[in-house]
1. Mind checking which strands (runs of 3 or more DSSP E) fall wholly inside region 142-258 and carry at least 2 residues that are basic (Lys, Arg) and loosely packed, with under 15 Cβ neighbours inside 10 Å?
2. Only one of these conditions is not met by Lys294: (1) of a type in the set (Lys, Arg); (2) assigned to a helix (DSSP H, G or I); (3) touching a strand residue (DSSP E or B) at 6+ places or on another chain (Cβ under 9 Å). Which number is it?
3. In this structure, is Gln39 farther than 20 Å from Phe302 by Cβ and either of a type in the set (Gly, Ala, Ser) or modelled with pLDDT of 95 or more (or both)?
4. Could we say that Thr100 is at pLDDT below 95, β-branched (Val, Ile, Thr) and within 17 Å of the chain's Cα centre (by Cα) here?
5. Among the residues that make up region 118-132, is at least one of them in a helix (DSSP H, G or I), free of Cβ contacts under 8 Å to residues at least 24 places away in the same chain, out of contact with any His (no Cβ under 7 Å at 6 or more places or on another chain) and of a type outside the set (D, E, K, R)?
6. Which numbered condition trips up Gln23, out of (1) buried (at least 19 other Cβ atoms within 10 Å of the Cβ); (2) out of contact with any His (no Cβ under 7 Å at 6 or more places or on another chain)?
7. Are any residues in region 26-43 exposed (fewer than 13 other Cβ atoms within 10 Å of the Cβ) and without any contact (Cβ under 8 Å) to a residue 24 or more places away in the chain, and if so, which ones?
8. Checking Ile110 against (1) in a helix (DSSP H, G or I); (2) under 30 Å from Leu175 (Cβ atoms): exactly one of these is not met. Which one?
Amino acid sequence: MSDLKSWFVIINPTSGNGTAKKQWPKIRSLLNLHNFEFQFQFTKHAKHSLEIIHNTVNQGFKKFIIVGGDGTLHNVVNGIFKQKKCNPDSISVGIIPIGTGNDWIKTYGISKKPELAIQTILNNSTKTQDIGKIEFLNPKHKPIYFNNLAGIGFDGFVVSKVSKYKKLGAIAYLLASLIGLFSFSNFKAEVFINSKRIKSKVLMVVIGLCKYSGGGMRLTETPNPADGFFDISLAKDLSKFEILRALPNLFNGKIINNSKIETYKSKTIEVVTKGDVEPLVEADGELIGKGDFKISIIENSFRFYA
């Protein structure tokens, strides 16, 4: 076990509606049982993970274990890619998933059971995947990185509502979608993909790396997180009735068969909105801003245990 030294564990005590805090004593005992040598810290606010990564990487830590959900992992990824001490792919991350959707782990078959998630880390086998970099065209916004999926429009609107229902678990996303259906309005946009300019009224644009989002929804066609391309779904001017009729297909991947949804593979995308209302933008289930942006891909740059 000589390779399991100098780990740093980041725990989000609010993940899973407080489940992470409740399970930490058990998880800590399991880590000790398997002879992990580690230090740990609880996050104290939403972006605290970024500060922790910055400080600990400067101290020399390069192996991390995350106890939390998709949002915690999102913030850790941003900490890794915003620090300047070392190359991001020299840092390895293990995940003990405790969250609302737990969407990212579904692509890799990482167990929600702490004992099995720890065993995955113990196997000492790492993979790498691509990372998306979001740059808002408003220079006041700093770049944001994502490891699962980003979206603008209805997707972002749903994320803005889902926090009210997180105690319900993954079904919170479906409930927020149903509620949002009656208050969200489609927007005009120009979308630039593969030198193609698409001008249309839009429900949402989603940019995927991995397979699942929104508590198990499948919004893109053939995502591969290590192929160097985004899997993009452009949902055009669907009516409320069309959206309601399509809701069951959100979870089986058939949503992309709708005639008003176009799919693309691309390394970049730019979205410019037209109108007075700036649609909300989300990344990995976290609301990150609103307005126009461009996204580029950073290939095979995030290393993790799976």
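The values are calculated or read from the model by the stated rules, or taken from the named source; none is laboratory data. Every value quoted in this text rests on a predicted model; they were computed, and no experiment measured them. Because the Cβ atoms are built from the backbone with ideal geometry, glycine has one as well, and the counts that use them run over all protein chains shown.
1. By residue number, 196-202.
2. Unmet for Lys294, out of (1) of a type in the set (Lys, Arg); (2) assigned to a helix (DSSP H, G or I); (3) touching a strand residue (DSSP E or B) at 6+ places or on another chain (Cβ under 9 Å): (2).
3. yes
4. yes
5. Within region 118-132 (the criterion being in a helix (DSSP H, G or I), free of Cβ contacts under 8 Å to residues at least 24 places away in the same chain, out of contact with any His (no Cβ under 7 Å at 6 or more places or on another chain) and of a type outside the set (D, E, K, R)), the answer is yes, since at least one residue qualifies.
6. So Gln23 meets the others, but not (1).
7. Ser29, Asn32, Leu33
8. (1)
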